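J.: Below: one structure in structure tokens.
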């Protein structure tokens, strides 16, 4: 918890919007979008991986990626219409397999 408080003091976030939650046994994974308080800074996609034991978090892993504003990708995982617009040939054209 101390690490999260220190991170907040160093770089306060405006909001976190949890987009997906996945659960498998003792593990819970969240996929979120973090909007920073400075609108000039790009938002961050964050994944948190929690492991629970006896209804308590005993392990927490996280990773984040700043979202590129001018990405060559034509899809946006945080857009509700993502699945409708997804054209798998676009993904293959960008070398992602």
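The values are calculated or read from the model by the stated rules, or taken from the named source; none is laboratory data. Note that this is a predicted model, so its numbers are computed, not measured. Using ideal geometry, Cβ is built from the backbone for each residue, glycine included, and neighbour counts are taken over all protein chains shown.
J.: Is it the case that region 78-91 has a residue that's at pLDDT below 85 and in contact with a helix residue (DSSP H, G or I) (Cβ under 8 Å, 6 or more places away or on another chain)? It would help to see each step written out before you state the result.
T.: Pass one, region 78-91, residues at pLDDT below 85: 78-91.
Pick out the ones that are also in contact with a helix residue (DSSP H, G or I) (Cβ under 8 Å, 6 or more places away or on another chain) and you get 79.
The answer is yes; a qualifying residue exists.
J.: Being surrounded by 14 or more Cβ atoms within 10 Å (Cβ to Cβ) and closer than 22 Å to residue 70 by Cα is the filter here, so list the residues in region 20-40 that pass it. Even if it seems obvious, please write down each step before you answer.
T.: Step one: of region 20-40, the residues surrounded by 14 or more Cβ atoms within 10 Å (Cβ to Cβ) are 28-36.
Answer for region 20-40, where residues must be surrounded by 14 or more Cβ atoms within 10 Å (Cβ to Cβ) and closer than 22 Å to residue 70 by Cα: 31, 32, 33, 34, 35, 36.
J.: Take residue 48 and tell me if it is under 18 Å from the mean Cα position of the chain (by Cα) and either at pLDDT 85 or above or part of a strand (DSSP E or B) (or both). So that I can check it myself, show each step before the final result.
T.: Numbers: under 18 Å from the mean Cα position of the chain (by Cα): yes; either at pLDDT 85 or above or part of a strand (DSSP E or B) (or both): yes.
Yes; evaluated as a whole, the condition is true for this residue.
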